[in-house]
1. If you consider only alpha-carbon coordinates, what radius of gyration and Dmax does the stretch A:119-327 have, in Å?
2. How many nm separate the modelled label positions at A:D321 and A:E506, each set 7 Å beyond the Cα in the direction of the Cβ?
3. Taking a quarter of the surface of the convex hull around the Cα atoms of the stretch B:8-64, what do you get in nm²?
4. Of the lysine pairs in the stretch A:359-514, how many meet both conditions: Cα atoms under 27 Å apart, and a spacing of 8 or more in sequence or different chains?
5. On a full-extension model of 0.36 nm per residue, what is the gain between A:M1 and A:S89, subtracting their alpha-carbon distance, rounded to one decimal in nm?
6. Considering only the other residues whose Cβ falls under 13 Å of the Cβ of B:Y3, what net charge follows from Lys and Arg at +1 and Asp and Glu at -1?
7. Under the Karplus relation 6.51 cos²θ - 1.76 cosθ + 1.60, θ = phi - 60°, what is the ordered set of whole-Hz ³J(HN,Hα) values for the stretch A:352-357, x standing for Gly and Pro?
8. Label-point separation (nm) for B:I113 and A:S393, each offset 7 Å from Cα along Cα-to-Cβ?
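Nothing in this text is a laboratory measurement; each read-out follows from the coordinates by a stated rule. What you see is a predicted model, and the numbers here were worked out from it, not measured in a lab. Cβ sites come from the backbone with ideal geometry, for glycine too, and all protein chains shown count toward neighbours.
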Amino acid sequence: MSTVIYVPNDSAAISIGADQVAALIAQEAVKRSLDVTIIRNGTRGALWLETLVEVLTSQGRIAYGPVQPEDVSSLFDSDFLQGGAHKLSLGLTEEIAWFAGQDRVTYKRVGLIDPLSLKDYEAHGGLVGLRKAITQNGSEIVAEVTASGLRGRGGAGFPAGIKWKTVLDAPADQKYVCCNADEGDSGTFADRILIEADPFTLIEGMAIAAVAVGATQGFVYLRSEYPTAITRMRDAIAIAEKAGVLGSSVLGSKHAFNLEVRVGAGSYVCGEETAMLESLEGKRGVIRSKPPLPAIAGLFGKPTIINNVLTLASVPAVIADGAAAYAARGTGRSLGTQVFQLAGNIARGGVIETAFGITLETLVHTFGGGTLSGKPLRAVQIGGPLGAYFNSSHLGVSMDYESLAAAGGMLGHGGVVLFDDSVDLAQQAKFAMEFCALESCGKCTPCRLGSTRGAETIQKIISGVDVPANKLLLLDLCDVMTDGSLCAMGGLTPLPVKSAMNNFPEDFTGGAKK
Amino acid sequence: MSYPSWSIEEATRVLSPLKNVQGPVLIALQAVQERFGYVHEDAVGLIAETFNVSRADVHGVLTYYHDLRTSPAPARSIQICVAEACQSVGSRELVTAVEKKLGKKIDETYADIEIKSAYCFGNCALGPSAMVDGELIGRASVEKVTA
């Protein structure tokens, strides 16, 4: 009988040799006349264990990792096909503490299945939500999403159900569903992994949204930096069309829904929803003023649902298992689960899905294992380039929308980036301004010009020029940017800058090195 | 990767399937770049005429997006992620080391090679990350990037 071996085809795993590992396993099996079937699954999310090779045995999936190409021959010597002992043996994958401590809802199938097998997808609970949705009317679906407490996972945290209700109630001859997959924040990769590992979940979520509000056309706006995800998404859409999940009759219902991938062109600000709409319309990615809300006048002026990948990918579970099951997780007004991404200088980086309310300490130390360098942890940036820098006194913070805001930060897209004690927060603050200068769409003057002036002013502080006066000037500039910018690019760039100044004042003393 | 040299006939063929696309300008520019490796100056007028938009509109889109280029790419390309998560694991030092080894500066164009700053490939748990001739490299080192 053929032994099933899983080797991820996730782009992060491939970046450190998964393709070579898969090829060598195939070669070695031929050489030893062993019958193996290699399935290229998505990553399980434990990127620190990549390349994570799993063997399907009678006890379950047994994991080995991180496997380097040079380990393959010794794995065969250790009879890993029967789950044999090896220095890289991790036991049953499900029992690895890093996985066992998670609560995977949105990421339920990620890493378990062949991403492009619709059969695998259905065998693991796929399409249950959409099948239910096509028997319901729009308000029932929207009510369920509202009751689940699901909020936008892109960063703003706006309740998804309220947005959907606005689109549902807006009369129009054409409505759209747009998925924002322009995951530009450094330290985030959950959208990419979801799309590469389980693209049908996103398709199902978007189809449910379309059925709910009566949209017939959808777009996935995917960034060009994710070539593997683009190909995977397009392949999945073609398979879903062929199977009748998408097209003129969604699963045989009266609902039509077509889906198309549009590729970004390297503009960070196009992750802002109105800039994304402009880009989808083929224009410069310059943001729009609101109102009108995109839910009323969005893509091509029509009512449009815009949600992040993780928001839409959470919808199938909400509909399939009911709002109550989803809302039972989490804390306060942050209900359900969040897919956290542990990144940067971290020993055990990857994706942790768990209910809101886990502490930063648990994420960083229990899951993350501290810094990769082994040096003391000094700073944690939460929420991407527009998120705050925290110091170690903040490790007790509960990871939810409200607690992070109260602590002077934001959850953003759930990225958590660790820095060891070699980091210089004045340099990080300067980078935040430089990045804003590079990526500003140019519409609002405080963002377009203030970012350049901000970087110059921080450089003066670093060089020890008139430090107290320049610090005051910088804070004043930050206020102008916050109050005078239409979107989060200029509006939130002051967050990393001011949090760095507040939480690491010793780095802003001008030349006098710590 | 090698590309055919610019020809207005070939560009017309590339654009013809896009006639019915709503909001076609960015897609048209991306299609031209995919075919020829860059956007030739004559493509601006062609796209304007094909889709009945102004040359200014096309020029505006062409100059807005970082991905779009108006001159052919050098044969070799190295992009190094310099965003926060990669900074935390030494991308600044990696850039300096690559510049030193190749005797070239980042974000300057050379006839044979291009070394560019990039902002996140979504490989933030395995940084520093680089993209070398289209291939994503995790835990990038000078050796891996310049191999």
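1. For the stretch A:119-327, the Cα-based Rg and Dmax read 15.5, 45 Å.
2. 4.4
3. Its average projected convex-hull area is 3.4 nm².
4. So the count works out to 22.
5. Details: separation 88, 0.36 × 88 = 31.68 nm, distance 2.27 nm.
That pair, A:M1 and A:S89, stretches by 29.4 nm at full extension.
6. Numbers: positive: B:R35, B:R69; negative: B:E10, B:E34.
It works out to a net charge of 0.
7. So the J values, rounded to whole Hz, are 10, 9, 7, 4, 4, x.
8. Label-label distance for B:I113 and A:S393, simple model: 4.7 nm.
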